[in-house]
Each structure stands twice: as C-alpha cells, then as structure tokens.
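> Mind looking over this structure? Questions follow.
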Amino acid sequence: MSQKRALHFVFKVGNRTETAKFYRDVLGMKFLRHEEFEEGCKASCNGPYDGKWSKSMVGYGPEDSHFVVELTYNYGIGNYKLGTDFMGITVQSPNILERAQKAGYSVTEERGLKAVRSPDGYVFRVLEEPSVGDPVKKVTLASSDLKKSVDFWSRLAGMKIYEQQEKSALLGYDDNQCKLELVDIGGPVDHATAFGRIAFACPGAELPSLEEQMKAENQTILTPLVSLDTPGKATVQVVIVGDPDGHEICYVGDEGFRDLSQVDPKADSLLDEAISKDKSEEWFAKKGLTKGSA
C-alpha cells in the first residue's frame, strides 16, 4: 500500500454565500475548517493573487479519512473563467439530485451520469445510491495525451492503474481512496483562470526526493519545497508540481497536515461570520464598479 493519500481538490469561488448553501444544502457536506488570510499564499493556494483571501474545507467527514473540497475566495474577484481542465467530481449519494432540484439547480447529464453544477460552474456527477465509505469517489481531469498522462501518474507519481481504456484511465493510491480519472479530450487542455489543484499527502521525509525525481525527469516544479504557515495552526511543507498537461499537484507532508487539518467545530460559525463581515460587494457598488472577473 502506498503511503501517499488523496486529500482534496481546490476550487476558486466568487460568491461564498451561494457556494456555502450549495455545499451544505445540495451536496450535504459539512464545513470542516475555515481560515482567513491577509495576503496571498507563498504556494499560490488562492491562485496568482496577493490580496486578502480565505480558505474553507468542506466534505463528508474528517480530512484524515475523507477526500474533501478546498474553497478559496479572493475578496476582489467575483468570477473565474472555466477551462476544459476539470471534468467533474463523482459523488455517491441518493439524495443530492432531489435536493438540487428543490433548491432550483438544473440537473444535466455528464459522461453518462446525472450531474449538478456549483454556483461557479464546477461539475458534480452523482451516483444515486448509498455509499460505502467516503461518498467522494473520483476526480476527473482532462488529458491531451493519455499515454503520457498515465506514464506520469503511474511511474512518477506512483499511482496504481485500476482501469485503462482507449480514451480514459482510472488511477489511485489505495482501493478505499478517492480515485483520479484521466480522460483524453483529443486536444490541448485549457486551464483558463478557474484552474484548480489536486492535493495528496506523503511522508514529509519523502518530499525532497520527490522534488528531485521530478526535476531529474524534467517535470515542471511550480513551487519548490516550502513551509506554509497558518495562523495558530501547524506549519506544513509542500512541493507543487505540474503534470504533462499543467494540472497542479500539491504534495504535502503528512505529519504536519494531519495536525493542521483537524476538524474545527467552529468552522461553520467562522465562515458565516466572515461572510457577514465581507463588505467587498458594497465597496465596489459604492464606487460604481463590480468585482473583477479573472
């Protein structure tokens, strides 16, 4: 069994109020922790922005045992342009679609499954049955060259290949973890400005050698090994690399991350308080402006 484990996928969001309602009331997830930052992240966790931002972790259970979603919110940005890079998260649950329709969301079909889109347009495909284990089953990303992508993720990233077809492949670190699905789209992958990031934990002592291996193979190092501080919480070390299509992959030291990622019982109230204090919409309106489009 690999010592690496799947952690989360990072989305940039423009409206925390509607986003929080979607994850709570439609997907049925719970907020696990919420953090506010006065300046941009050293590892560009919130994208290429230097201003005030927040991070909210949301999922079906603790980060030690569940694949979750990280929502990053930049106070000055109202929306982001979607690309072709992110193709969906598959969730197994019998009630999501019913709740989505009651809340006024359209239910569509995406790659053979019924699906619903978040307020920012991110796709969640739904398997309509009770889940055994974590309801989040897989993350689907686009590939321009499946053979090259599978080589990277299996040989360099160390994932096991569970299934491989002509135009898609399913990989993962463990039978009981969220899987990564790669789909060949037959052309270049466009990350636009909404581009996300997938995160995995590995033993902290392995991060330097992982970085060196990626360098030796002429892979893209987006952020060399760096320590990230969260006010009042554990410091974690990360290395961020790019796969052949430019998908961002964050490898984080497992020991520090397990400490950092403990569920905060105040997460909901901290997020709601931040939303209520956020006067950025009013500030822009007073100046006759709207929030920026990234």
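Values quoted throughout were computed directly from the atomic coordinates according to the rules given, and no laboratory measurement underlies them. A quick note: this is a predicted structure, and the numbers were derived from the prediction, not measured. Neighbour counts run over all protein chains shown; Cβ positions are idealised from the backbone, glycine included.
> Looking at the chain only, what percent of DSSP beta bridges run antiparallel? Nearest 5 please.
That works out to approximately 65 percent antiparallel.
> Å³ per residue of the Cα convex hull, for the chain?
That works out to 132 Å³ per residue.
> Turning to a different aspect of this structure: For Lys160, list the lysines whose Cα falls under 24 Å from its own Cα; do not include residues on the same chain fewer than 8 positions away.
The reachable lysines, counting only those whose Cα sits under 24 Å from Lys160, are Lys4, Lys137, Lys138, Lys147, Lys148, Lys179, Lys215.
> Straight-line reach from Lys102: which aspartates and glutamates have a Cα under 12 Å away, not including same-chain ones fewer than 8 places off?
Lys102 reaches Asp25.
> If R₀ is 30 angstrom, what is the calculated FRET efficiency for the pair Lys147 and Glu212, using the beta carbon separation as r and rounding to 0.05?
Once rounded, the FRET efficiency stands at 0.75.
> May I pose another question? Looking at Ala115, Pro48, Met214, which one has the Cα that reaches farthest to the positive end of the dipole of the chain (charges on Cβ: Lys, Arg +1; Asp, Glu -1)?
About the Cα centre, the residue reaching furthest to the positive side is Ala115.
> Which of the peptides 208-221, 3-16, 87-100 is most tightly packed, and how do the rest follow, judged by the mean count of other Cβ atoms within 10 Å per residue?
3-16, 87-100, 208-221
> Can you compute the FRET efficiency between Arg99 and Arg258 using 1/(1 + (r/R0)^6), with r the Cβ-Cβ distance and R0 = 30 Å? Round to the nearest 0.05.
My answer for the efficiency is 0.40.
> Using mean Cβ contacts within 10 Å as the protection proxy, how do 183-192, 67-76 order, highest first?
Most protected by this proxy first, the peptides run 67-76, 183-192.
> Can you list the GluC sites (Glu not before Pro) in segment 153-210 that are in a DSSP coil and have 15 or fewer other beta carbons within 10 angstrom?
Filter output for segment 153-210: Glu166.
> Stretch Thr108-Lys279 to full length: gain in nm at 0.36 nm per residue minus the Cα-Cα span?
58.1 nm
> How high is the FRET efficiency from Asp190 to Glu166, r the C-beta distance, R0 30 Å, rounded to 0.05?
That pair, Asp190 with Glu166, gives E of 0.85.
> Now, a different point. Using Cβ contacts closer than 10 Å as the measure, can you line up Arg117, Arg258, Arg125 from fewest to most?
Starting with the residue having the fewest Cβ neighbours, the order is Arg258, Arg117, Arg125.
> For a bin width of 5 Å, list the pair-distance distribution of segment 59-207 built from all Cα-Cα distances, rounded to whole %.
P(r) over segment 59-207, rounded to whole percents: 2, 8, 16, 20, 21, 18, 10, 4, 1, 0.
> Here's something else I'd like to know. Putting +1 on Lys and Arg Cβ atoms and -1 on Asp and Glu Cβ atoms, find which of Ser93, Gln177, Ala285 reaches farthest to the positive end of the dipole of the chain.
Of the candidates, Ala285 comes out farthest on the positive side.
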